[in-house]
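The values are calculated or read from the model by the stated rules, or taken from the named source; none is laboratory data. All figures in this text were calculated on a predicted structure; none of them were measured in a lab. In this analysis, Cβ positions are derived from the backbone assuming ideal geometry, glycine residues included, and neighbour counts consider all displayed protein chains. Side chains included, ligands, DNA and RNA excluded: accessible areas come from the protein's heavy atoms. Shrake-Rupley method; radii C 1.70, N 1.55, O 1.52, S 1.80 Å.
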Amino acid sequence: MKIPSGQQVYFASDQHLGAPTPAESLKREKIFVEFLDEIKTDAAAIFLLGDLFDFWFEYKQVVPKGFVRVLGKLSEIADSGIPIYFFVGNHDLWMDSYFEDELGIHTFHQPQFFELNNTKFLIGHGDGLGPGDKGYKRMKKVFTNSFSKFLFRWLHPDLGVRLAKHLSVKNKLISGDEDAKFLGEENEWLAQYAKRKLEFEHYDYFVFGHRHLPMEIELNEKSTYLNLGDWISHFTYAKFDGQQLHLKYWQKKT
């Protein structure tokens, strides 16, 4: 992908809309829509790295209600011709084809390689990668099992969505966020994952979410791992200007 002069590529992750309460979620949704509305003026592409929702499940004819502001803004941006790439996170891992079919947003379930202006990126949500996150890895095997999804789909949406939202907010093991503290550069498992990938292939940037901690770790002289933080406590995002990637803090106006 070539980035036209004067345009930017934006990255954001972990909005967790719907949590912890509808009222608190609405405040953050309006802030994130404000962000989207501003960046659309110079965005060449937008990457959303998962957990946009605190819970998401697609029945055959039903999706969770709400989030009309952010869904409307995303569809507006996609309709304008700006590509949006969505990486499914651990809270919205049951996403199927809704974003593709209804919003025209490219959706991925695994990390993907992108080359932007000859700069190599490996991009993903980050859950289940590297040597850590063991509790979540066990839970993910259960949640992604086709039989588990089949059973959940038999629950009436009013019951299934209510139950899943409760578990999503209350259970840190399910969220994969048992301890959102900086572990030190040598112990951050996504940084370790990136270093192992570099043993086989060069990437300029590894960009992930999931950890809820904005961080930038230099892996070697030519490669950097960047975590996008979240839109709960930090309101952070990243911007690629065609040459360098920078971690930014959104100045809330709402």
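See the values below:
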| read-out | value |
| --- | --- |
| Point-to-point label distance, H246-K2, nm (Cα→Cβ direction, 7 Å offset) | 2.5 nm |
| For segment 92-103, 3J(HN,Hα) per residue [Karplus equation, 6.51 cos²θ - 1.76 cosθ + 1.60, θ = phi - 60°, Hz, x = Gly/Pro] | 10, 5, 8, 6, 10, 10, 4, 5, 5, 6, 8, 10 |
| Accessible surface, 1.4 Å probe, highest first, among residues H16, H109 | H109, H16 |
| Integer Hz, Karplus 6.51/-1.76/1.60 couplings in order for segment 187-196, x for Gly and Pro | 10, 6, 5, 6, 5, 5, 4, 4, 4, 5 |
| Computed E for D101/S146 - FRET, C-beta separation, R0 25 angstrom, nearest 0.05 | 0.75 |
| Surrounding net charge for F208, when Lys and Arg each add one and Asp and Glu each subtract one, Cβ distance under 11 Å | -2 |
| Distant-in-sequence amide H partners of H212 (H built 1.01 Å from N, under 5 Å) | G229 |
| Taking segment 1-128 and dividing mean pair separation by its residue count, relative contact order in percent (alpha carbons under 8 Å, at least six apart) | 26 percent |
| Cut-off under 5 Å, modelled amide H: who pairs with F235 long-range | D230 |
| Average accessible area per residue (Å²) across segment 196-254 - probe 1.4 Å, nucleic acids and ligands excluded | 52 Å² |
